[in-house]
Amino acid sequence: MSGSPAEAMARLDERISRCRRCPRLVAWREQAAREKRPAYADQDYWGRPVPGFGPADARILLVGLAPAAHGANRTGRMFTGDRSGDWLFASLHRVGLANQAESVGVGDGMRLREVRMAAPVRCAPPANKPTPTERANCAPWLDRELAILAPTLRVVIALGAIGWQAALDALARAGWEVPRPRPRFAHGAEVALARSARPGRRRAGHDLVLLGCFHPSPHNTFTGRLTEPMTDEVLGRAREIAERMGR
Ligand code: SF4
């Protein structure tokens, strides 16, 4: 990696946004961008893979699932443009990790503090369900993002069981020691991961903590399975751990 983390991340973001590795997802993201939802008929959709959002030297990484066809696939910013994202950004703001409560799109002034958001699949999938092959195709992008973040990363927040599995897979590939049997996902679950000390294994950055949070999908928030205080508790805990562990 050459240049500063911000330069390396900008290069990575640009490469991700040009990826066409998954024919089914390329067709789906572009179809959604062409046909549009009536409420957004006057908007230009992004219609491409969605890079991560947030500083390249963040101490917290938030891992979701994949962009929504009329959310991030429309705005081009991770978690921006749908109800899940609205919920998440409002919580990030309440716990002091974002400078404003609403993320609308490029130019809205939104800045995350110490948090980067990413997804294990960067293109909107039909029915929000990427195939195993599509997940495998996209994994190297998250690996590269983790490699840039590794020197400063202290906390990973996984949204939902799928985000949890994807985060554990990526952290193991990056050189963190994932316990066996694998820790199970739960809201509020907290697992300490040590950087690898095994000879011959790649060494990750520092020890870190993986936190589980229910995905803020309408299915969870409308039913009360995930409340605002529950979300704030996990995100606030992430901030507390990151500050305690320092740089
Ligand atoms: S899902 Fe990932 S690997 Fe597949 S086309 Fe999109 S960015 Fe590329």
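The residues Thr131, Thr80, Thr152, sorted by heavy-atom accessible surface at 1.4 Å with ligands and nucleic acids left out, run Thr131, Thr152, Thr80 from largest to smallest. Of Arg154, Arg34, Arg237, the residue with the greatest mean-square motion in the GNM of the chain, using alpha carbon springs below 10 Å, is Arg34. If one takes the longest principal axis of the Cα atoms in the chain, at what angle in degrees, from 0 to 90 and to the nearest 10, does the Cα axis of helix 83-94 lie? So the inclination is approximately 50 degrees.
Using θ = phi - 60° in the Karplus curve 6.51 cos²θ - 1.76 cosθ + 1.60, the 3J(HN,Hα) couplings for segment 221-232 round to 7, 5, 8, x, 5, 10, 9, 4, x, 5, 5, 4 Hz; x is entered for Gly and Pro. Using θ = phi - 60° in the Karplus curve 6.51 cos²θ - 1.76 cosθ + 1.60, the 3J(HN,Hα) couplings for segment 154-167 round to 10, 9, 10, 9, 9, 9, x, 5, 6, x, 4, 5, 5, 5 Hz; x is entered for Gly and Pro.
The string of couplings for segment 21-26 from the Karplus curve (6.51, -1.76, 1.60, θ = phi - 60°) is 5, 10, x, 5, 6, 4 Hz, one whole number per residue in order, with x for Gly and Pro.
For segment 42-139, what number results from the quotient of the Cα radius of gyration and 2.2 N^0.38 Å?
Details: Rg = 13.1 Å, N = 98, 2.2 N^0.38 = 12.6 Å.
Taking N as the residue count of segment 42-139, the ratio is 1.04.
Once both labels are modelled 7 Å past Cα along the beta-carbon direction, what's the Arg83-Thr131 spacing in nm? The modelled label-to-label distance comes out at 3.0 nm. Using only Cα atoms, tell me the angle between helix 5-16 and the longest principal axis of the chain; keep it within 0 to 90° and round to the nearest 10. It is inclined by approximately 40 degrees.
Amide H contacts for Ile157 (H built 1.01 Å from N in the peptide plane; partners 5 or more residues away or on another chain; cut-off under 5 Å): Leu61, Leu62, Val63, Leu211.
Centroid-to-centroid, using Cα positions, segment 115-185 and segment 18-47 are 24 Å apart.
The values are calculated or read from the model by the stated rules, or taken from the named source; none is laboratory data. Nothing here was measured: the structure is a model prediction, and the numbers come from that model. Counting neighbours? That spans all protein chains shown, and the Cβs are built from the backbone with ideal geometry, glycine included. Surface accessibility is based on the protein's heavy atoms, side chains included, excluding ligands, DNA and RNA. Shrake-Rupley method; radii C 1.70, N 1.55, O 1.52, S 1.80 Å.
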